[in-house]
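Only one structure is covered here, and it is reproduced in the block below.
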Protein chains: 2
Amino acid sequence: MSSPPVFALDLESLIRAKSIATAVSASDSRPKISTKDRILNATEALFITRGFDGTSLRAITTDAAVNLAAVNYHFGSKEELFALVLTRRIDALNEQRLRRLDALEAKGLDSVYGVEQIIATLFLPALALARDEAHGGADFLRLLGRAYADPAPFVRSLLAERYAATNARFKAAFARSLPDLGGEDLSMRLHFILDSVAASLAADDVRRHLSGLKVSARTNDEDDLQFLVYLAPFLAAALRAAVRQPQQIAALRALTA
Amino acid sequence: MSSPPVFALDLESLIRAKSIATAVSASDSRPKISTKDRILNATEALFITRGFDGTSLRAITTDAAVNLAAVNYHFGSKEELFALVLTRRIDALNEQRLRRLDALEAKGLDSVYGVEQIIATLFLPALALARDEAHGGADFLRLLGRAYADPAPFVRSLLAERYAATNARFKAAFARSLPDLGGEDLSMRLHFILDSVAASLAADDVRRHLSGLKVSARTNDEDDLQFLVYLAPFLAAALRAAVRQPQQIAALRALTA
DNA sequence: TAGAAAATCAAACAATCGTTTGAATCAATC
DNA sequence: GATTGATTCAAACGATTGTTTGATTTTCTA
């Protein structure tokens, strides 16, 4: 590589904005990102917007400024690559969720706002990871949402396998704080909430709204708190809502008649 | 439901639920489904499980028992085919939603349960179409959910165009029934609810739970009512939840500290 | 510094993609 | 019953897919 081509490469990296993937001149002291990491980052970014089927290996290797064969050399196959992209995020999330749930149950739940606390335990790790640039930063939430909705069978089976244990733990925790809610009702509402949060976090305008909230925060903890203050009551009210109220039924019956 | 051969066909139609695409014997008097409709039905079924990028024209024409070239002959292109599959469902849904909203506003909303009534107005047309086999039957809800989550740019832009007007009308209706909720808060919660309902309805276990509820119903209206009694209070409670309660904030602050 | 291992490369692989072609077949009209 | 238009068909189009190859370069080790 001589000097003019290096210049051209640097320009292209500026245009592409995200992956600072491209090579730096020999005199530059900045640490060069490895080929594997450049591929992982480019894959993650493309998966977020285009999904598994919509992302080709050539699009990945082009964005990562890497040879096409590098994917199969370093990761084996397209599926193995995407599995690594997804698990490195999801596993970290679920580990922190379970750790926080352990701590919460050891300390004992608030008698009144226990449901809000469990909800917070579900969301605080996601918010923390979304602030950590090493875990994808703001794109972390979009990755979660897209993965949850991706139609590719490979993605769906991978998620089911990775979420099963964590979901069971949280369902049990909610059940203890919502004794009046039947197991069937709880299952449905919980599933509804998990689905919906994933979908909402992935949606553009919700995330824009959240980043608007963040501006006024002074610290990261205050930041997360504002988010929870916004979301937890909303979700807790939904979970706590009484089922089959006579007056409500009457108001609705007037519509279907 | 009379002679044995008809019985067998009825059974299969129950199992396959959707595309009766396959050929019938020449002596059968049943009207043969046209090539165009067989393609549309097969496309819808495949889109539900595999999305736009994951569905090939060859998979469609194989399931529809139709020549590969028939798609381009009858619909022009893959995108035009999918656009027709999506719009024939979504447009019918939004028309009925707006018609019901007109009727509700003309009659005047319930002073206490107005929010539940608007929510019901959002869901009753979806439930009615989900019961109408001519509009896709039970798969109609899955189609909505999958379309909402599909990553293909073509699908996303098509949905944005088709939903815009209806969403604006309903947001205005909610705003009148939730005067205490700021426009920003309403936007976020409403978007959250629409996203989540679409995601939940598309999820397998929620639909299974709903069909379990249906068994005990005697009529279709009673059927829809049970669904609403289940869902409307849940969503209305979420929309009505008070924002930024001091005690709630305190309970959450204990976690982030 | 010589040699071995790891990594990158251009090029091609077979398979599949959406689309097109032109002949064969069907259905309806005169 | 012949003719015309609509439809279906097998076959192939060029482009793109994931993957592999074998030579070349880079990196590390002895």
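The values are calculated or read from the model by the stated rules, or taken from the named source; none is laboratory data. Model, not experiment: these values are computed from the prediction. Counting neighbours? That spans all protein chains shown, and the Cβs are built from the backbone with ideal geometry, glycine included. Note: areas computed on protein heavy atoms with side chains; ligands, DNA, RNA excluded. Shrake-Rupley method; radii C 1.70, N 1.55, O 1.52, S 1.80 Å.
Within the assembled protein chains, the solvent-accessible surface assigned to B:Phe154 is about 40 Å², based on a 1.4 Å probe.
Taking every residue in B:78-86 and counting other chain Cβ atoms within 10 Å of its Cβ, the average works out to 0. Between B and A, roughly 5700 Å² of accessible area is buried in total, ligands, DNA and RNA not counted and the probe set to 1.4 Å. Put the Cα centre of region B:114-180 next to the Cα centre of region B:49-78 and the gap is 26 Å.
With a 10 Å cut-off around each Cβ of A:143-153, the average count of Cβ atoms from other chains is 4.
Is there a simple number for the mean count of other chain Cβ atoms within 10 Å of the Cβ of residues in B:184-191, and what is it?
Going residue by residue through B:184-191 and averaging, the value is 4.
Largest accessible area first, the listed residues B:Lys78, A:Lys36 line up as A:Lys36, B:Lys78 when surface is computed with a 1.4 Å probe on the assembled protein chains.
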